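Nothing in this text is a laboratory measurement; each read-out follows from the coordinates by a stated rule. The shown structure was predicted, so the numbers you read here are calculated from the model rather than taken from an experiment. Glycine also receives a Cβ, built like all others from the backbone with ideal geometry; neighbour counts cover every protein chain displayed.
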Amino acid sequence: MPRAELDALRWRRLRATLERTYASSAFYRARMQRAGVTPDDIRTPEDFRRRVPTVDKLDVLADQRERPPFGSVVAVPDALVEYCFLTSGTSGKGQEVHAYTAADVAESLTSWAASLHWAGVMPGDTAYHMVPIGVTAGPVTLLSAFQQYGLRTFAVGNMEGEARLEMMQRFPPHFFSTGPVYLRRLTTICREQGIDPRRAFPALKAIKLGSFGFDVPWAQEMEEFWGAKLIDTYASTQCGGGIASTCEHGTYLPDGQRGMMHFPEHKVYAEVLNPETGEPAREDEEGEVILTAFGREAMPILRFRTDDKVIFKSHRQCACGRPFDGIEAGTVSRYDTMLKIRGMNLWPEAIDAIVLAHPEVDEYNGRLGVAENGREVARVLIEFKVGAPSDAAHRARVLGELRSKIKENTGVGMEISEARPGEIERFAYKEKRWKDQRRQQL
């Protein structure tokens, strides 16, 4: 499809989505009325960008607190809601609830199907789903997409790495999904056990990544070790799971430059905007992803601010010839302070509220890294106040109490230790307390 035809299709679907959402969702209708705009006022894509207000996580959470459980955004009768997902945040910001009809779930599967097709995966292939199944949309819809696509599927998300590899040797894979950190963990186990993936898994075609960024040399090393192409994906619970993927050209190009993830622009209206000016990002410029989903029945998504920092890529920058714009592979990060730890979203403020509330703690630093065995680790270094009890047994009890409370309140296990003198870094802004060293340690 030529780009001009795609743009015309997108505009028709955007108009229809805007009109349907205004008519059926009290939440969005009220926001547009406060902004003094109706669907009839929106005559061009620029009108849509400049006049239709954006929505963010806090807006949705506030609405759902006022009108539990779904808020006033729901646009269908409760009887039509067949599935509910939560965003993965375990923080002070909270978890949004997203309702889906049967049609919403079915629609979400087709985006994952495009990613599988671009990776060279075919119906009848054997696939391993390595992400634990929970309440977020991505893992659930990806597993369903495997089955809908016709893959012979093994859901091994709750198995240990050694057991997964044993299963893979018994039933050799054509494809598996994981994240960069866990792929490194599997690589470490293979080396420890003397497993050569090229010999053990000769039919392996592709490995799906996601979750957070990675460097090109690491991607090249992984492809060489596993003998398979890496594909990168971008997902959003708000839009039903996978909404962007690398094509057959992969995560990096022959010249070492990064590849791109294409948006399925016939299904989602993805704006990449400068967060300060609101203007569209140009090729290779940074911007924030703003999402509008076409055809969502239960909970429409209209100009949702993701806080995801990306690098915009035009369709003209990919040799595949498809008309879909997208974002650079391997470089998605955050504008806000959110950290993603073992697939869970965590905000530093949640740790602040626990650690700094203790009367004997003066300051702390947090570190995210990858251990020698390939496991993702979160460490908290504690500095006690001057005059706090110095007895070693007492301080050990305090560290243990903090460790338990963090695990209880966030669901994330962390290593807690006392900092050495001068080890704690101090900053004016609390988000600086945390350093993410995982990419360097892959």
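Taken about its Cα centre, the stretch 100-336 carries a charge dipole of roughly 760 debye when the Cβ of each Lys and Arg holds +1 and the Cβ of each Asp and Glu holds -1. The listed peptides 342-351, 146-155, ordered by packing as a protection proxy, come out as 342-351, 146-155 (highest mean of other Cβ atoms within 10 Å first). Put +1 on the Cβ of each Lys and Arg and -1 on the Cβ of each Asp and Glu in the chain; which of A219, V156, T178 then has its Cα farthest toward the positive end of the dipole? Final value for the positive-end residue is V156. If the elastic network links every pair of Cα atoms under 10 Å, which of R397, R51, R334 fluctuates the most in the Gaussian network model of the chain? With Cα springs under 10 Å in the chain, the top fluctuation among R397, R51, R334 is at R397. Relative contact order of the stretch 77-200, taken over Cα pairs closer than 8 Å and 6 or more residues apart, is 23 percent. What you get for the chain, charging only the Cβ of Lys and Arg (+1) and of Asp and Glu (-1), is a dipole of about 420 debye around the Cα centre. When the C-alpha to C-alpha distance is required to be over 30 Å, the pairs from K313/K407; K229/K407; K57/K405; K229/K267; K208/K405 that qualify are K313/K407; K229/K407; K208/K405. Charge dipole of the stretch 346-441 (Cα centre as origin; +1 on each Lys and Arg Cβ, -1 on each Asp and Glu Cβ, all else neutral): 220 debye, rounded to the nearest 20. For the peptides 402-410, 169-177, residues were scored by their other Cβ atoms within 10 Å and the scores averaged per peptide; the highest-first order is 169-177, 402-410. For the stretch 346-441, a Kirkwood hydrodynamic radius built from all Cα pairs, placed in the Stokes-Einstein relation at 25 °C and 0.890 mPa s, yields a translational diffusion coefficient of 176 µm²/s. Determine the percent antiparallel among the DSSP beta bridges restricted to the stretch 100-336, to the nearest 5. About 65 percent, rounded to the nearest 5.
Computed over neighbours whose Cβ is under 12 Å from that of W112, the net charge equals +1, Lys and Arg +1, Asp and Glu -1.
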